[in-house]
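Undergrad: There's a structure below that I have some questions on.
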Amino acid sequence: MTMDRRAAVAAALSAGLLAGCGFKLRVAPTFAFQTLAVTPEKNGLVAADLIRYFGKAVVPLAPAPGTAAPQVIVDILQEVREKNVVGVNASGQVREFQLKIRIQFRMRTPDGRDLIAPTEISQQRDISFNESAVLAKEAEEVLLFRDMQNDLLQQLLRRLAAIKSIEAP
């Protein structure tokens, strides 16, 4: 067998194995609603990202006369950011922090029927600390919080996409 033929056979076998195991590329989620309202926690950054993601599909909770009400309402009940000391050295200086973001949300219809009961999602990361590089560590902390916020948004979107019907049972 020539080298080109071997490469073609290997590629065909790889494609067959991937298709057989159920592998497929991630696609954009589809939602059972076209419009939604988001009620954010005060200064909620995850809610702001959610509003930015849905764009024009976000409508006010109390729409103007002549405009349609939202099909669903996503309430961001709580968003908490924490920074805890998890490691110190022998002289008591901080060596490691744990960063954590928790959000609690629910999804309901305008008539009050829960589609997703109050649910909490959290993310956490550990970060080392060095007092000689305080500014760099602060920048790293900001980046880690932003990364966790993006992960929370993706988890939230997957949970919203899991709702297949908003009609009453």
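Computed from the coordinates by the stated procedures, all read-outs in this text should not be read as laboratory data. Since we're looking at a predicted model, the values are computed, not measured. Positions of Cβ are backbone-derived with ideal geometry, glycine not excepted, and every protein chain shown enters the neighbour counts.
Undergrad: Take the alpha carbon atoms of segment 91-169, find their center, do the same for segment 35-81, and report the distance between the two centers in whole angstrom.
TA: Centre-to-centre distance over Cα atoms comes out at 17 Å.
Undergrad: If you don't mind, there's one more thing I want to ask. Any chance you could count the Lys pairs in the chain whose alpha carbons are under 22 Å apart, treating pairs 8 or more apart or on different chains as valid?
TA: Lysine pair count for the chain: 8.
Undergrad: Where Lys and Arg each count +1 and Asp and Glu each count -1, what net charge lies around LEU143 among other residues with Cβ under 12 Å from its Cβ?
TA: Local charge sum for LEU143: -1.
Undergrad: In addition: How big is the convex hull of the Cα atoms of the chain, per residue, in Å³?
TA: It comes to 234 Å³ per residue, whole-number rounded.
Undergrad: In sequence order, what are the phi-derived ³J(HN,Hα) couplings for segment 61-76 according to the Karplus relation 6.51 cos²θ - 1.76 cosθ + 1.60 with θ = phi - 60°, rounded to whole Hz, with x for glycine and proline?
TA: Karplus values, whole Hz, x for Gly and Pro: 4, 10, x, 5, x, x, 10, 6, 6, x, 6, 9, 10, 9, 9, 8.
Undergrad: Suppose a student asked you for the relative contact order of segment 29-161, using Cα pairs under 8 Å spaced at least 6 residues apart; what percent would you report?
TA: This gives 22 percent for segment 29-161.
Undergrad: Do the sum for the chain: with -39,500 (n - 2.57) for every DSSP H run of n ≥ 4, divided by all residues, what is the mean residue ellipticity at 222 nm, to the nearest 500 deg cm²/dmol?
TA: One gets -11500 deg cm²/dmol as the mean residue ellipticity at 222 nm.
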